[in-house]
Structure formats: structure tokens, C-alpha cells
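One structure below.
The values are calculated or read from the model by the stated rules, or taken from the named source; none is laboratory data. Keep in mind it's a predicted model, so treat the numbers as computed, not measured. Glycine also receives a Cβ, built like all others from the backbone with ideal geometry; neighbour counts cover every protein chain displayed. The area values use the complete protein model at the heavy-atom level, side chains included, leaving out ligands, DNA and RNA. Shrake-Rupley method; radii C 1.70, N 1.55, O 1.52, S 1.80 Å.
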Amino acid sequence: MNYKDKMLRDDALKGKTIVVTGGGSGLGKAMSTYFLELGANVVITSRNLEKLKTTAEELEKQTGGNCLPLKCDVRHYDQVEGMLNATLERFGKVDVLLNNAAGNFISPTERLSANAFDTIIDIVLKGTKNCTLAFGKHWIDTKQSNTNVLNIVTTYAWTGSAYVVPSATAKAGVLAMTRSLAVEWAKYGMRFNAIAPGPFPTKGAWDRLLPGNLKDKFDMAKKVPLNRVGDHQELANLAAYLVSDFSAYVNGEVITIDGGEWLKGAGQFNILEQIPESMWDQLEAAIREKKNK
Ligand code: HXC
Ligand code: NAP
């Protein structure tokens, strides 16, 4: 067995309907694929219906499951309500919301227009709020319990990060929303959790975060103690667990899946890994020598 293997048993998500925002590409597509393989009905949504239709067709063929493509810009509450209604019309109910849609690009903050900053906040924070509010109200009104929301954040939701300030600001808000509602709406049978991925190469992220020759200049694997980037199936395994009933007692948690990347950046003396093994005898001797002086 290795980390690219599929983790859960075949029927782990049977009978569940799962909405994945931004499900037509990248990590959203990878998670949707695995949910379908595990027996869920999956609704994939984004702004680009043609892309969604192509993905849904591909995934249905690949998995034999039911995948419904729906156009929905998460920035607009009326479109989110429309997407929820279309989901209910097709599948009768919905059990899980995966807030995965995002917008991001690198930029010195002083170069951003007010609208550029707003655009990221609107997709990431307001979009997650729109979907969460619409689905939460629906579940409360219909008294449907055993539902859950999974939010995709990042590790800089708590560390912050230069050059992606709107994204960091918005993801921090999403994390606060996750933890707040995990408490407030638990009484309605809803769970709220988040995943903070480290670097998982996707076209959407890499085109905007490592444009031009930055891909060659900054090897993301080198920032990770495990010395590699993430594999999409690893993330899909974790997401499938968190939306399944196997995680019924996990609520309000954010699970980091980054090979140790953010901690490597944080630890004050982590830089000492650059010291060769052969130098440690000499360094130890120097420390011991000072003991009683
Ligand atoms: C400065 C920019 C800009 C740039 C756009 N703008 N790109 N400003 N530098 N590179 C400005 C525009 O001029 C405009 O402001 C405003 O932002 C909105 O731009 P639009 O193109 O009109 O917006 P829209 O069509 O809605 O597109 C949104 C987008 C785009 C975010 C700009 O990149 C997008 O569609 N992204 C979706 C997918 C995505 O971003 N995936 C990556 C997720 S990765 P003005 O003032 O001119 O009107 C991720 C990873 C995190 O989150 C962690 C990784 C390790
Ligand atoms: P991606 O393929 O670009 O995914 C972003 C998705 O969001 C796209 O499918 C896009 O579809 C959709 N989207 C953007 N704006 C939208 C809007 N206004 N309404 C609805 N959908 C919208 O990038 P990704 O790498 O897979 O990112 C997926 C998630 O993982 C994001 O939350 C991201 O922040 C997070 N993440 C990724 C990494 C990584 O290393 N890849 C690391 C940490 C966190 P359309 O363009 O068709 O609308």
C-alpha cells in the first residue's frame, strides 16, 4: 500500500448527495471523482458550465456514478439558492457541502486595486458564506440532520502570508466561520470541518501562484520536510473521511495535510538542518566545554 491508494471502503458514501463548489477542475475534481467512486451523488458547480459538463461526463464514464454539473457563481446568493434548488430537484436531498471554490493570485498588496482585493474576498469568504448560509438554512428548515460542511482553507489562514494577502484574509475568515458554526449549529445535526492543504500542484493554482519561470525558480517540494508535493488522492482520501459518517465525532477541526511545510517555516532553529551530520560532534564538544566556565 502507498499514499496514492484509495482509503475508504467502496460504499462509504453511498446514499449521500454532495455539492462540490469549484468541482470542475483541480482538487475539486479529484475529490469529486473519489466521492463518486465511493457511491455518492455529486453536484459540481462553478462559473463555467461547458467545463463542468465535460468533467461530469468524464467522471460519470470513469466511475459509473451520478454527477450533475450546475453553473453557479458563489459570489451571488440568488445563484447559490438556484443551485441548491436544482440539486434538490435532481436528487431529492443534499447531505454535504464542500466549499472548495477559490480565487487567488500573487501580487504586492500595494499594486492591488480595491476591486482586485474585493474579488478574492468575494469568491473565497463571501462565496463560502453564501453557500453555507443557504445550505444551513435549508437543513434547519427541513429538520435534516447528519449533514456536514467541509471548507478548504490553507495553512496561511493562521500564519498569514505576504503577497497573497486577500486570500490569507479570506481564508482566515473561513476558518473562523468553520469553528464558530461547528458549535452554534451542532444542535441541528451539522458538522463543520476544514482541510488546510500544503502544495498540491493544479493548473489553476500554479498558473496564478507560480507564473512564468517561477515554477523553475521556486521548487515547492523543497519547502516540505517530506521533500515532495501532495498527491491529489491523498487529499481526496482525507476529504472523503471527513464528509463520511466515519468522522461523525470530528467537529470544528482543521486538518493540515502539508508534509510539515508550515511548521518547517515556523520553527526558529529549523534552519539547523543545513548543518552536516559530521559537524555535530564538534558542536556538542563546544557546548559541553562551556558548561562550567
Ligand atoms: C493584480 C489583478 C490580477 C493580477 C486580476 N486582477 N488579476 N490585479 N494582479 N494578477 C484584478 C483585475 O484587474 C480586476 O480589478 C480584479 O482583479 C478582478 O479581475 P477579473 O479578471 O475581472 O475577475 P474575475 O474574472 O472574477 O476572475 C477572478 C480571478 C481569476 C481571481 C482574478 O484569477 C480567477 O478566475 N480565478 C479562479 C481560479 C483560481 O484563482 N484558482 C487558484 C486557487 S489557488 P480592476 O480594478 O482592474 O477591475 C489557491 C491556493 C492557495 O487558493 C494556497 C497554495 C499553496
Ligand atoms: P482551481 O482548479 O483553480 O480551483 C478553483 C475552482 O474554483 C475552479 O474550479 C473555479 O472554476 C472555481 N471558482 C472560482 N471562482 C468561482 C466563483 N466565483 N464561483 C464558483 N466557482 C468559482 O485550483 P485548486 O488548486 O484546485 O484549488 C482548490 C481549492 O484548494 C481552493 O480552495 C484553494 O484555495 C485550495 N488550496 C489549493 C492548494 C494547492 O496547492 N493547489 C493549496 C491550498 C489550498 P471556474 O473558473 O469554472 O469558476
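Considering only segment 234-245, I want to know if a residue exists there that is touching a Ser or Thr at 6+ places or on another chain (Cβ under 8 Å) and more than 9 Å from ligand 2 (Cβ to nearest atom).
Checking segment 234-245: at least one residue is touching a Ser or Thr at 6+ places or on another chain (Cβ under 8 Å) and more than 9 Å from ligand 2 (Cβ to nearest atom).
Can you find, within segment 1-31, the residue that is most open to solvent (accessible area, probe 1.4 Å) among those that are polar (S, T, N, Q) and more than 16 Å from ligand 1 (Cβ to nearest atom)? Steps first, please.
Restricting attention to segment 1-31, the residues satisfying the condition of being polar (S, T, N, Q) are 2, 17, 21, 25.
After this cut, where a residue has to be more than 16 Å from ligand 1 (Cβ to nearest atom) as well, the list is 2, 17.
Working: Asn2: 86, Thr17: 2 Å².
The selected residue is Asn2.
Restricting attention to segment 144-161, which residues are open to solvent by 30 Å² or more (accessible area, probe 1.4 Å) and either of a type in the set (Ser, Thr, Tyr) or without any contact (Cβ under 8 Å) to a residue 12 or more places away in the chain (or both)?
Passing the criteria: Ser145, Tyr156, Thr159, Ser161.
Which numbered condition in (1) farther than 26 Å from Leu13 by Cβ; (2) crowded, with 19+ Cβ neighbours inside 10 Å; (3) away from ligand 1 (no atom under 12 Å from the Cβ) is the only one that Leu214 fails?
The single condition Leu214 does not satisfy is (2).
Every residue in segment 133-157 that is of a type in the set (A, V, I, L, M, F, W, C) and more than 13 Å from ligand 1 (Cβ to nearest atom), please. Steps first, please.
Taking segment 133-157 and keeping what is of a type in the set (A, V, I, L, M, F, W, C), we get 133-135, 139-140, 149-150, 152-153, 157.
Residues satisfying the conditions are Leu133, Ala134, Phe135, Trp139, Ile140, Val149, Leu150.
With Arg179, Arg228, Arg208 as the choices, which residue is within 14 Å of ligand 1 (Cβ to nearest atom) and open to solvent by 30 Å² or more (accessible area, probe 1.4 Å)?
Exactly one of Arg179, Arg228, Arg208 is within 14 Å of ligand 1 (Cβ to nearest atom) and open to solvent by 30 Å² or more (accessible area, probe 1.4 Å), namely Arg208.
Is it the case that Trp262 is in contact (Cβ under 8 Å) with a residue 40 or more places away in the chain, open to solvent by 70 Å² or more (accessible area, probe 1.4 Å), more than 21 Å from Asp95 (Cα to Cα) and not charged (D, E, K, R)?
Taking the combined requirement at face value, the residue satisfies it.
So Pro199 clears everything in (1) without any contact (Cβ under 8 Å) to a residue 60 or more places away in the chain; (2) open to solvent by less than 50 Å² (accessible area, probe 1.4 Å) except one condition, right? Which one?
(1)
Specify the residue that is farthest from Leu133 (Cα to Cα); the eligible residues are those in segment 61-81 that are touching a residue at least 12 places away in the same chain (Cβ under 8 Å) and part of a helix (DSSP H, G or I).
In this case the residue turns out to be Gln62.
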